[in-house]
1. Pick from B:ALA161, B:ALA138, B:ALA105: which residue has the top mean-square fluctuation in a GNM of chain B where Cα pairs under 10 Å get a spring?
2. Would you calculate a helix-derived [θ] at 222 nm for chain A, using -39,500 (n - 2.57) for each DSSP H run of n ≥ 4 and dividing by the full residue count, to the nearest 500?
3. Once the dipole of segment B:169-253 is set up with Lys and Arg at +1 and Asp and Glu at -1 on Cβ about the Cα centre, which of B:VAL213, B:MET200, B:GLY229 lies farthest towards its positive end?
4. Using the structure shown, list the pairs from B:LYS20/B:LYS85; B:LYS20/B:LYS192; A:LYS49/B:LYS51; B:LYS134/B:LYS167; A:LYS158/B:LYS144 with a Cα-Cα distance above 27 Å, or answer none.
5. In a GNM of chain A with a 10 Å cut-off on Cα contacts, which of A:ALA181, A:ALA150, A:ALA36 has the highest mean-square fluctuation?
6. Given a Förster distance of 51 Å, report the FRET efficiency between B:VAL16 and B:GLN147 from their Cβ-Cβ distance, rounded to the nearest 0.05.
7. How large is the dipole of segment A:5-214 about the Cα centre if only Lys and Arg carry +1 and Asp and Glu carry -1, each at its Cβ, rounded to the nearest 20 debye?
8. Excluding ligands, DNA and RNA, what is the solvent-accessible area per residue of the protein assembly as shown at a probe of 1.4 Å, expressed in Å²?
Amino acid sequence: MAIDFRLIWEKLPFLLGGAWTTFSLTCVSMVFATVAGLIVGLLNMFGGKVLGTITRVYIEAVRGTPALLLILIVYYALPRIGLNFPQFPAAAVSLAVCYAAYIAEVFRSAVESIPMGQTEAAYSLGMSRTQSLRYIILPQTFRRVLPPLANEFAALIKDTSLVAFISMEDLLFRSKMVSAATYDYFSPLVGAALIYLVMTLPIMQWSRSLEKKVD
Amino acid sequence: MADEELHSMGRILDVVDLHKSFGTLEVIKGVSFGLDHKERLVLMGPSGSGKSTLVRCLNWIEPPTSGRIVFDGREVEPGACDIRKLREDIGMVFQQFNVFPHLTALQNVALGPIVVKKLPRADAEAEAQELLAKVGLAHRADHKPGQMSGGEQQRVAIARALAMHPKLMLFDEPTSSIDVELIHEVLDVMVKLADEGMTMIVVTHEMGFAKEVADRVVFMDQGLIIETGTPAEVFEHPQQERTRNFLSKVHLA
């Protein structure tokens, strides 16, 4: 079975349309997940007992269940209790809720990787906890957080393919549509793989170069 | 200056029956001592003797388990006095420098006054530049700690502490993490501070520094003060077996 590159080329605009859905969904979800993840992470570390427990339960619940489950709940189950989301927002909300938990852990481990001596030095100058977080800990955290965040971004690009389950026409779904129409199950999927790689490889490369800079 | 003369007569610090435990492990088992204005005290003792913990209790970086600390006429305990205000008046220099790696030398020194004392940035940076000159690092103002030697980083840390105009400086093994050939850079700065009349408590094994600078040497072991006296008394005529033992090991090293 040969790969029909002419078919890929012919269907490229159609596939790229799907890739645009993949990419825009990734970006929207990532922005919300990062903001929410930072807030959840900070609450988990510094929010006290109650907020600490609530955020911990959320983080572990999300990390312990498939992302697909969350997407299905938001798109199919929530409407039963009157919460209707169109496809794109449903997908973005589910993925953001899911990735916020992972990103909260990214922020937590970055903060914990800053040596205690930094906090002690800030305290010894008379800084409050908030001041030491703002001027000493968080600025150092943001550098360390960029490489793992880039990795999460690449992972999210791939996980958006789960939205095929709610019939969103992302890159993977459209490549399957081409397969169904042409009975060629090989070429469209290879085409999709190549387009995914074009999106993920530069990000992973960037992440590696950032890691080197941090060291 | 008359005011300062008056102060120099008095006590700046009194520590009474201080205890500190980590869980069930008691690290400081009832330590009492006092310190006058402009006095220089050197704390010595084997590792695990509690000398670092003691110094860290004085500015509440390590909250003591029990005991009294009276600093500059204020009873130090949460509630009785603002711990943060206390820390503004007590400078601390750490064994691992703990300079802020994301900031330049100048920013390291200026940050405390800007954030804590709300000093205008320009004023704080002008004074930071003077302090860096004082520790011999005027030419390194725009460098980050990653580009500096241990000796340079520690001098930035000293300038950073001085920027808060502390009434007492605590040095917790300031030269223990520095390459041997660079130790003198840091000690020279500390001697200069002592000459200017800074009140200091220094945890160190640098005998030369202790002999040159210390008014008093305190020897600690197993969470207790074993012996105290002038450098000549403690180094030349140690009264306690444990002090003699320790000194012979330090001399060998």
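The values are calculated or read from the model by the stated rules, or taken from the named source; none is laboratory data. Bear in mind that the values here come from a model prediction, so they are computed numbers and not experimental data. We place every Cβ from the backbone using ideal geometry, glycine too, and count neighbours over all the protein chains shown. Only protein heavy atoms, including side chains, enter the accessible area calculation; ligands, DNA and RNA are left aside. Shrake-Rupley method; radii C 1.70, N 1.55, O 1.52, S 1.80 Å.
1. For chain B, modelled as a Gaussian network with Cα springs under 10 Å, the answer is B:ALA138.
2. The helix contribution divided over chain A gives -25500 deg cm²/dmol.
3. Value: B:GLY229.
4. Exceeds cut-off: B:LYS20/B:LYS192; A:LYS49/B:LYS51; A:LYS158/B:LYS144.
5. A:ALA181
6. Numbers: r = 45 Å, r/R0 = 0.88.
Result of the calculation: an efficiency of 0.70.
7. Taking the Cα centre of segment A:5-214 as origin, the dipole is about 300 debye.
8. On a per-residue basis, the protein assembly as shown sits at 47 Å².
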